[in-house]
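Each remark here refers to the structure printed beneath this line.
The values are calculated or read from the model by the stated rules, or taken from the named source; none is laboratory data. Predicted model, so just to flag it, every value in this text is computed and none were measured. In this analysis, Cβ positions are derived from the backbone assuming ideal geometry, glycine residues included, and neighbour counts consider all displayed protein chains. To get the accessible areas, we keep the full protein, side chains included, count just its heavy atoms, and leave off ligands, DNA and RNA. Shrake-Rupley method; radii C 1.70, N 1.55, O 1.52, S 1.80 Å.
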Amino acid sequence: MLKDKVALITGGGQGVGQGIGLALAKQGAHVVVTGRTLEKCETAADMLRERGVKALALRCDVKSNEDLQNIIDKTIAEFGRLDILVNNAQEVARGPLLSISDEQFMGNFNSGPLATFRLMKMAYPHLKESKGNIINLCSSVMKRWDVGTYGVYAAVKAATQQLTRAAANEWGKDGIRVNAIMPHAKSPALAGWMKANPVEAEHFQNSIPLGYVGECEEDIGAFVAMMCSDGGRYLSGQTIALDGGQAFLG
């Protein structure tokens, strides 16, 4: 159980972030939902409150250092503590390397590993006090043999994976556990990709041994809640594929 723990989720207004928030709330955690569109965050916060927990919706562009500090400050002001940080927000630039501009690359980098790096450092003193958890969102695209057209996305997710491992090694002595997941989930982003790329999407789904794309709350969120519970207390520094058995990590 995560009763009265406090979780901060970037990109929590929809998709995987929302699913993780709902699953944490089911275990009794209060949730701070952040994202670029405040209305989506407010809607998610209302859903969380219906589960009997407290929720706070905050606008945040993770590429802004000031916005990141603001969500940390307001979380502590509202709840007095922070137990779980979920770095989920990420811009995605997909296409051949020759088609990707420097601006697109930097948008992916700034919203992904740089934002994760910044927010982990800002959260560190609070997570040290609570002996808390960090969950970073990676992707099995890092492990694809056919990484063409996914190169920039794979590159920034690989950077996030290495930051996860480094933080786990450096902060384990402080009681902070840091892990990453590589989820396949029915998010709006994946749904949009599947609609735009039906042939590739069919092949993608057929290559999942369990035969389906995971549910944001029941498959991805529930596992994250377990990772943050006492049942996962010896788990740290790992990147786990939540993809129905598709990825071979070797």
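Any residue at all in the stretch 8-17 that's open to solvent by 10 Å² or more (accessible area, probe 1.4 Å), without any contact (Cβ under 8 Å) to a residue 60 or more places away in the chain and over 18 Å from residue 80 (Cα atoms)?
Yes, because at least one residue in the stretch 8-17 is open to solvent by 10 Å² or more (accessible area, probe 1.4 Å), without any contact (Cβ under 8 Å) to a residue 60 or more places away in the chain and over 18 Å from residue 80 (Cα atoms).
Here are some conditions: (1) closer than 23 Å to residue 168 by Cβ; (2) over 17 Å from the mean Cα position of the chain (by Cα); (3) small (Gly, Ala, Ser). Residue 140 meets all but one. Which one does it not meet?
(2)
Listed here are the residues, each with its yes/no results for (1) over 23 Å from residue 81 (Cα atoms); (2) among the charged types (D, E, K, R); (3) outside any helix (DSSP H, G or I); (4) open to solvent by 20 Å² or more (accessible area, probe 1.4 Å).
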position: 128; (1), (2), (3), (4): no, yes, no, yes
position: 148; (1), (2), (3), (4): yes, no, yes, yes
position: 152; (1), (2), (3), (4): yes, no, no, no
position: 155; (1), (2), (3), (4): yes, no, no, yes
position: 159; (1), (2), (3), (4): yes, no, no, yes
position: 163; (1), (2), (3), (4): yes, no, no, yes
position: 168; (1), (2), (3), (4): no, no, no, no
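I'd like the residue in the stretch 204-215 that is of a type outside the set (Gly, Ala, Ser) and surrounded by 13 or more Cβ atoms within 10 Å (Cβ to Cβ) and, out of all such residues, is modelled with the lowest pLDDT.
204
Out of 17, 12, report the one residue that is part of a loop (DSSP other than H, G, I, E, B), under 12 Å from residue 89 (Cβ atoms), of a type in the set (Gly, Ala, Ser) and within 17 Å of the chain's Cα centre (by Cα).
12
Which one of these is within 20 Å of residue 143 (Cα to Cα) and either of a type in the set (Phe, Trp, Tyr) or surrounded by 20 or more Cβ atoms within 10 Å (Cβ to Cβ) (or both): 201, 180, 189?
Among 201, 180, 189, only 180 is within 20 Å of residue 143 (Cα to Cα) and either of a type in the set (Phe, Trp, Tyr) or surrounded by 20 or more Cβ atoms within 10 Å (Cβ to Cβ) (or both).
I'd like to check something: does the stretch 201-209 contain any residue that is farther than 18 Å from residue 23 by Cα, aliphatic (A, V, I, L, M) and part of a helix (DSSP H, G or I)?
Within the stretch 201-209, one or more residues are farther than 18 Å from residue 23 by Cα, aliphatic (A, V, I, L, M) and part of a helix (DSSP H, G or I).
Restricting the search to the stretch 92-110, which residues are in a loop (DSSP other than H, G, I, E, B), crowded, with 16+ Cβ neighbours inside 10 Å, of a type outside the set (A, V, I, L, M) and modelled with pLDDT of 95 or more?
Listed by number, the list is empty, since nothing qualifies.
Of the numbered conditions (1) open to solvent by 30 Å² or more (accessible area, probe 1.4 Å); (2) of a type in the set (Asp, Glu); (3) closer than 30 Å to residue 129 by Cα, residue 174 satisfies every one except a single condition; which is it?
Condition (1) is where residue 174 drops out.
Residue 134 is checked against (1) surrounded by fewer than 19 Cβ atoms within 10 Å (Cβ to Cβ); (2) under 24 Å from residue 232 (Cα atoms) and fails just one. What number does that condition carry?
All conditions are met except number (1).
Only residues that are free of Cβ contacts under 8 Å to residues at least 24 places away in the same chain and not in a helix (DSSP H, G or I): list them for the stretch 53-72, please.
The one that is free of Cβ contacts under 8 Å to residues at least 24 places away in the same chain and not in a helix (DSSP H, G or I): 64.
Given the criteria in contact (Cβ under 8 Å) with a residue 24 or more places away in the chain, part of a helix (DSSP H, G or I), open to solvent by 20 Å² or more (accessible area, probe 1.4 Å) and of a type outside the set (Gly, Ala, Ser), does residue 3 qualify?
Against the criterion (in contact (Cβ under 8 Å) with a residue 24 or more places away in the chain, part of a helix (DSSP H, G or I), open to solvent by 20 Å² or more (accessible area, probe 1.4 Å) and of a type outside the set (Gly, Ala, Ser)), residue 3 does not qualify.
Across the stretch 73-91, what is the total count of residues that are part of a helix (DSSP H, G or I) and surrounded by 23 or more Cβ atoms within 10 Å (Cβ to Cβ)?
Looking only at that region, the number is 1.
Looking at the stretch 221-235, is at least one residue assigned to a helix (DSSP H, G or I), free of Cβ contacts under 8 Å to residues at least 24 places away in the same chain and more than 21 Å from the chain's Cα centre (by Cα)?
Checked against the condition, which is being assigned to a helix (DSSP H, G or I), free of Cβ contacts under 8 Å to residues at least 24 places away in the same chain and more than 21 Å from the chain's Cα centre (by Cα), the stretch 221-235 yields no hits at all.
Among the candidates 4, 73, 46, which residue alone is among the charged types (D, E, K, R) and under 23 Å from residue 136 (Cβ atoms)?
Matching residue, one of 4, 73, 46: 73.
When you go through (1) without any contact (Cβ under 8 Å) to a residue 40 or more places away in the chain; (2) open to solvent by less than 30 Å² (accessible area, probe 1.4 Å); (3) within 18 Å of the chain's Cα centre (by Cα) one by one for residue 40, which number turns out not to apply?
(2)
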